[in-house]
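Before any comments, here is the structure.
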Amino acid sequence: MHNVLLLGSGGREHALAWKLRQSKRLNKLCIAPGNPGTASLGENVDIAINDFETLKQLALDKKITMLVVGPEDPLVNGITDFFNNDPDLAHIAVIGPNKRGAQLEGSKDVAKAFMKRYGIPTARYQTFTAETINKGYAFLESLEPPYVLKADGLAAGKGVLIIDDISEAELQLHDMLNGKFGDAGKKVVIEEFLRGIELSVFILTDGESYKILPEAKDYKRIGDHDTGLNTGGMGAVSPVPFATAPFMQKVEERIIIPTIKGLQNENIMYCGFIFIGLMNVGGNPYVVEYNVRMGDPETEAVMPRLDGDLVDLFEGVSRHTLHEKTCKINDRTALTVVCASEGYPEAYRKGMDITGLDSVTDSLVFQSGTAMKDGQLVTAGGRVLAVTSLGHSIDEAQKTSYAGMKHIKYNGKYHRTDIGADLSRYTENSSAHD
Ligand code: AMP
Ligand code: GLY
């Protein structure tokens, strides 16, 4: 039996807590800091995710035996090393890579160099600093538009710019290298634009073997039909029709296996999730990015498709016996619609009363940007809730999610109305492959 401490406070963590709660191997569940959704599944403890010393005290007080890290920030800051290297904490199983492993997400330059070393398909690129800015301009001139500029470090999801005009791209390169994203932009990766359709692939690994979890498609733009600004993700669907067995075989052979072997070759003992953001370009997968955690809102669609015991899988990760475990996946379709605050991803209001959650009976509602104020659930973030439904088809799951969504009420409620529509129209030869 395990006492689990889960770090984070979003919809991803609510979905992970929901899945952990079902485990026969779970004794106690604490979430730091959690949200009103996770409060119904375990004990929320108001500690910041990067306050390692206070988390240590909590882990000792609550006799924690397993730490599950939701977001990337503490991983990049070295929480895994902090736990593993402290004699009082070293017995705790940590699900999440160490600092070196987390560089796959923490530095785009490190990730691109890693892919290059191991022949993993990705967009052609070069990295520049303030000293080499003129070479950066020349590299931009050598590429076709649109131009893809990426701040090297973590920039809260805002560090990737895709620009049509060359002089605008040059200006942005200049601004990035001159502090637009702070230290995250001290180096800038410029890469070729990949034309295709995106897929999120998730694996869980103990550093030697791995399990491929259900894949998902994320809907990143704020507006219907993929229009408007980029967001953290406005919806998700799993499974994804174009992730056919032959396509996934290419993903495994060309990306997953070389990634695991590469980590081993670099003596990185990677225990945790790897989220491979990839582009399907004409039927071939190319890595757009690695993340060292699960995706949000993808987790809210992936967890309901896992039939096995998550604590048991995590134990396989920490004991390096993952190869002995089975990862059972059900074949239903999960469709998640994110309900946001009007204005997101730009300025939005908070503190709006939320009602109607109890009337949603056929879907799961995962909370992300919510808070309790005087006993009332209120909005507290840009992405407020995620409504997930399971069905025998995309259409069925979509109908259920949108029917459930109607019950939820708050001022400034906004959601996309087309999650899954492109995929339900998808056929082998449709434009999804272009
Ligand atoms: P990232 O933070 O690396 O995931 O980038 C954010 C988003 O920008 C991705 O999800 C893609 O939609 C897009 N993107 C990033 N790199 C490329 C690329 N080389 N070609 C096309 N789109 C890209
Ligand atoms: N939904 C994309 C992410 O979690 O980064």
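If R0 is 25 Å, what FRET efficiency do you get for LYS28 and ARG319 from their C-beta distance, rounded to 0.05?
Values: r = 20 Å, r/R0 = 0.80.
Here the calculated transfer efficiency is 0.80.
For the chain, what is the relative contact order in percent, using Cα pairs closer than 8 Å and at least 6 residues apart in sequence?
Dividing the mean separation by the residue count of the chain yields 16 percent.
Could you compute how fast the stretch 227-370 diffuses translationally, taking Rh as the Kirkwood radius over C-alpha pairs and applying Stokes-Einstein at 10 °C with viscosity 1.306 mPa s? Give it in µm² per second.
Translational D for this selection: 87 µm²/s.
Kirkwood hydrodynamic radius, the stretch 112-161, all distinct C-alpha pairs: what's the number in Å?
On the way: mean 1/r = 0.0805 Å⁻¹.
For the stretch 112-161, the Kirkwood estimate is 12.4 Å.
Could you give the length gained on full extension between ASP307 and ASP374, defined as 0.36 nm per residue of separation minus the Cα-Cα distance, in nm?
Using 0.36 nm per residue and subtracting the Cα-Cα distance, I get 20.4 nm.
By how many nm would the segment from LYS158 to HIS407 lengthen if fully extended, with 0.36 nm per residue of separation less the alpha-carbon distance? List each step's numbers first, then the result.
Numbers: separation 249, 0.36 × 249 = 89.64 nm, distance 3.21 nm.
Gain in length upon complete extension: 86.4 nm.
Is it possible to state the helix-based mean residue ellipticity at 222 nm for the chain, with each DSSP H run of 4+ residues giving -39500 (n - 2.57), the sum divided by total residues, to the nearest 500 deg cm²/dmol? What is it?
-8000 deg cm²/dmol
Can you say what percent of the DSSP beta bridges in the chain, counting only those with both residues inside, are antiparallel? Round to 5.
Counting only bridges with both partners in the chain, antiparallel ones make up about 80 percent.
Quickly rank 159-169, 393-403 as a protection proxy: mean count of other C-beta atoms within 10 Å, highest first.
Result, highest mean Cβ count within 10 Å first: 393-403, 159-169.
Nearest 20 debye, what's the magnitude of the dipole of the chain about its Cα centre given +1 on Lys and Arg Cβ and -1 on Asp and Glu Cβ? List each step's numbers first, then the result.
Details: 46 positive and 57 negative charges, 134 e Å.
Dipole size: approximately 640 debye.
Divide, for the stretch 92-188, the radius of gyration over alpha carbons by 2.2 N^0.38 Å, where N is the residue count.
1.15
Between GLU168 and GLU144, what length comes free when the chain is fully extended (0.36 nm per residue of separation minus the Cα-Cα distance, one decimal in nm)?
Separation in residues times 0.36 nm, less the Cα-Cα distance, equals 7.3 nm.
Distance in nm between label sites at ALA113 and LEU58, each 7 Å beyond Cα in the beta-carbon direction?
3.5
Can you give the log10 of the normalised intensity I(q)/I(0) at q = 0.13, 0.18, 0.21 Å⁻¹, computed with Debye over equal Cα scatterers of the stretch 21-132?
The Debye formula, applied to the Cα set alone, gives -0.62, -0.93, -1.12.
Using θ = phi - 60° and the Karplus relation 6.51 cos²θ - 1.76 cosθ + 1.60, list the HN-Hα couplings for the stretch 199-212 in order, rounded to whole Hz, with x at every Gly or Pro.
Values, residue by residue: 9, 9, 10, 10, 10, 10, 9, 9, x, 10, 10, 8, 10, 8 Hz.
Starting from the exponent 0.38 and prefactor 2.2 Å, build the expected Rg for the stretch 335-377 from its residue count and divide its actual Cα Rg by it.
On the way: Rg = 11.8 Å, N = 43, 2.2 N^0.38 = 9.2 Å.
Cα Rg divided by the expected 2.2 N^0.38 Å: 1.28.
What is the log10 of I(q)/I(0) for the chain, computed with the Debye formula using one identical point scatterer on each Cα and no solvent, at q = 0.09, 0.11, 0.14 Å⁻¹?
Taken in order of the listed q values, log10 I(q)/I(0) reads -0.55, -0.85, -1.43.
Read-outs throughout are calculated quantities, based only on the coordinates presented, and are distinct from any laboratory measurement. Keep in mind that this is a model prediction, so the values were computed, not measured. Using ideal geometry, Cβ is built from the backbone for each residue, glycine included, and neighbour counts are taken over all protein chains shown.
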